[in-house]
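**Q** If you scroll down you'll find the structure; I have some questions about it.
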Amino acid sequence: ILGEHLRICPQGYTCCTSEMEENFANKSRSEFEAMMKEAGRSVQATLTAQHRSFDSYFQDLLNKSEKALYDAFPSMYGELYTQNVKVFKDLYSELRRYYRSSNINLEEALNEFWTRLLERLFKLLNPQYHITDEYLDCMVKHAEQHKPFGEVPRDLKVKATRAFIAARSYAQGFLVGSDVVKKVSQVSLSHECTRAIMKLMYCPHCRGMSSVKPCNNYCLNVVKGCLANQADLNTEWKYLMDSLIGVADRIDGPYNVDTVIGTIHMRIAEAISNLQENKDSITSKVFQGCGNPKISTKGSSSEDKKRRGKVTLEAKSSAQALEMLVLDAKGNLTALKTYWITLPSSLCSKKVMASSASDDKCWNGMTKGSYLPEVMGDGLANQINNPEVEVDITKPDMTIRQQIMQLKIMTNRLGNANIGNDVDFQDTSDDMSGSGSGDSCPDDVCGKRLSKSPSTRQPETHAIPKQSGHGVNGASSRSLPSASLLLLLSVAVIAAQHLWR
C-alpha cells in the first residue's frame, strides 16, 4: 500500500499500517534500552567482582591478624592480655569501621588504642603502687617523650593509615564505577532517538526488506547520536580507571596491605615487649616527671616475671594472592577504559548486526544501497550535524552530568589516597555525593599526638579539582582550589539558584 500515513519510515510503498509502525517504534525502543542495560550489566559484573575479590582478601587479612593475636597473647602475656582483651577487640573493630567508610579518624583511633593500652599495662606492671586516673593523665602527657612502646606506634600509624586509606578508597572506587554504569544505563531514550532507532531497525521490514542489514556507518551515526551524553563520560571514566590502577600499584607496592595489615598483631606484641623490657627505666622517668605514687596495700605480683620473653609470632604471607588480585584488576580496568566511546561500535556489531562498512547492499535509512554521510565524532558537541538524529547539544542530560561529577569526586579521593592522604567519606552506601577531603599524615607529623579525647578537628573539604593531565598522575597531582575560589563557586551556585526561581 502507499505509505503516506507513515510518520517515521520512508513514505513509499509499504506493508506497514500506522499501528504497525507505532508497535515497531515501541519494540525498537524497548529492545535498544535492553541492549544498553545488558552491556552495562557486563561492566557492573566485572567491577563488582573485583570489589568482592579485594574486599574478601582484605577482610581475611584483618581477621587472620586478629585471630593470631587472640591465639598467641594469652600464653605470651597472661594477665597483661586477659585483663585488656576489650582494648584489642576495640582496635580491630575501629579498623573495620574505618575500612567500611565510617566517619572516624583513623589516626585518633590508633592514638586512643596506644593510650588505653599504656594506661592498663603501666598499672599491671606496677601493682605495688596505687595509680590514680590523674596520675595516668600525667603519664600519658609524657608518653611521647619516654616512648614506652618504642617506635612501633609511630611506625605503625604511618604505614597502617596509608594502607587503610588506599584499601578503602580502592574498594570504594569499584562500587562507584559500577553504580555510575547502572544509573547511566537506565537513562531513557529521547523521542528523536526513538524515531531514529525505529528507522534503523524496523523500517526495512515495512519496505519488505527484513533480511537486509543496516549499513554499519548508518548504525554508528544513529547510536552515537542517541548515546552522545553517555560518550561524554569518557574522560572522567578513564581518569577513574587510571586512578584505580595507580592505587592498585600502591597496595601491592609502597603501601603493601599484605605486609602492613597482616602483621598488626606482631607490631603490637613488639610494642608490649618494648614496654616490658624497659619497664624499670620508663617507670623511673615517669616518677621523675609525675612524682612517686603511693604504695598500694595489695602488694606486688609475679605475673610480669613469668611472662617475659622474646616474641615468636609469625605472619603467613599472602603476597602472591595480592599480586594476582592486582594483576587481574589492572587487566580488567585497562580493558574498560574506552567503554563509553566503543559502546556504539559494540552495539552495532553485536546487537544490531549491522552490515560491513563497505557493503553497498545494506539498509541506509531509505532503501537498499550505500551509506554516504560521514560518521560523527563522539560526545554531545560532535552531534550538531548528525544526519540521522536531531540532537540538542545545548541541553545535556542532567542524570549523566551528575554521574560525571561522581566520577570526578571518586577520582579526587583516589588521587588523595595515592599520595597517602586521608579522605573524608560521606555515607557512600546510598548516594555517592560529597567531595573528598585531605587529612594527611606525613612522616614528620604522625605519632606526635597521644590524645585520650576524640578528635574535634573538622575535616577539610575540597572542591573537585580541574581535570588536567591524563592517567593516575593527573588524578593525584591536581592542585586543590583555594578558599577564595570555593567562595566564588558558592556565590555562583546561589546566584544560579536565584535566577532559576
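**Q** For the stretch 36-56, indicate whether the set of residues that are hydroxyl-bearing (Ser, Thr, Tyr) and touching a strand residue (DSSP E or B) at 6+ places or on another chain (Cβ under 9 Å) is non-empty.
**A** Among the residues of the stretch 36-56, not one is hydroxyl-bearing (Ser, Thr, Tyr) and touching a strand residue (DSSP E or B) at 6+ places or on another chain (Cβ under 9 Å), which makes the answer no.
**Q** Right, something else. Between Ser75, Ser101, which is of a type in the set (Ser, Thr, Tyr) and in contact (Cβ under 8 Å) with a residue 40 or more places away in the chain?
**A** After applying the criteria, what remains is Ser101.
**Q** I want to confirm something. Restricting to the stretch 382-404 and keeping residues that are polar (S, T, N, Q) and buried (at least 21 other Cβ atoms within 10 Å of the Cβ), which single residue is farthest from Ala196 (Cα to Cα)?
**A** Gln403
For (1) part of a helix (DSSP H, G or I); (2) buried (at least 17 other Cβ atoms within 10 Å of the Cβ); (3) modelled with pLDDT under 95, each residue gets a yes or a no:
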residue	(1), (2), (3)
Ala329	yes, yes, no
Ala335	yes, no, no
Ser349	yes, no, yes
Ser358	no, no, yes
Gln406	yes, yes, no
Met410	yes, yes, no
Ala417	yes, yes, yes
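**Q** For Cys362, only one of the following conditions fails: (1) surrounded by fewer than 20 Cβ atoms within 10 Å (Cβ to Cβ); (2) in contact (Cβ under 8 Å) with a residue 12 or more places away in the chain. What is its number?
**A** (1)
**Q** Right, here's the next one. Considering only helices (runs of 4 or more DSSP H) fully contained in the stretch 121-198, which possess at least 1 residues that are open to solvent by 10 Å² or more (accessible area, probe 1.4 Å) and either out of contact with any Lys or Arg (no Cβ under 9 Å at 6 or more places or on another chain) or at positive phi (or both)?
**A** So the answer is 133-141, 152-185.
**Q** Follow-up question, since we're still on this one. Considering (1) surrounded by 15 or more Cβ atoms within 10 Å (Cβ to Cβ); (2) modelled with pLDDT of 95 or more, say which one Arg52 fails and leave the rest.
**A** With respect to (1) surrounded by 15 or more Cβ atoms within 10 Å (Cβ to Cβ); (2) modelled with pLDDT of 95 or more, Arg52 is out only on (1).
**Q** Related question: Going through the stretch 259-271 one residue at a time, which ones are open to solvent by less than 30 Å² (accessible area, probe 1.4 Å) and in contact with a Phe, Trp or Tyr (Cβ under 9 Å, 6 or more places away or on another chain)?
**A** Matches in the stretch 259-271: Val260, Ile261, Ile264, His265, Ile268, Ala269, Ala271.
The values are calculated or read from the model by the stated rules, or taken from the named source; none is laboratory data. Please read all numbers here as calculations on a predicted model, not as lab measurements. Glycine also receives a Cβ, built like all others from the backbone with ideal geometry; neighbour counts cover every protein chain displayed. Quick note on the areas: whole protein, heavy atoms, side chains included, nothing else; ligands and nucleic acids left out. Shrake-Rupley method; radii C 1.70, N 1.55, O 1.52, S 1.80 Å.
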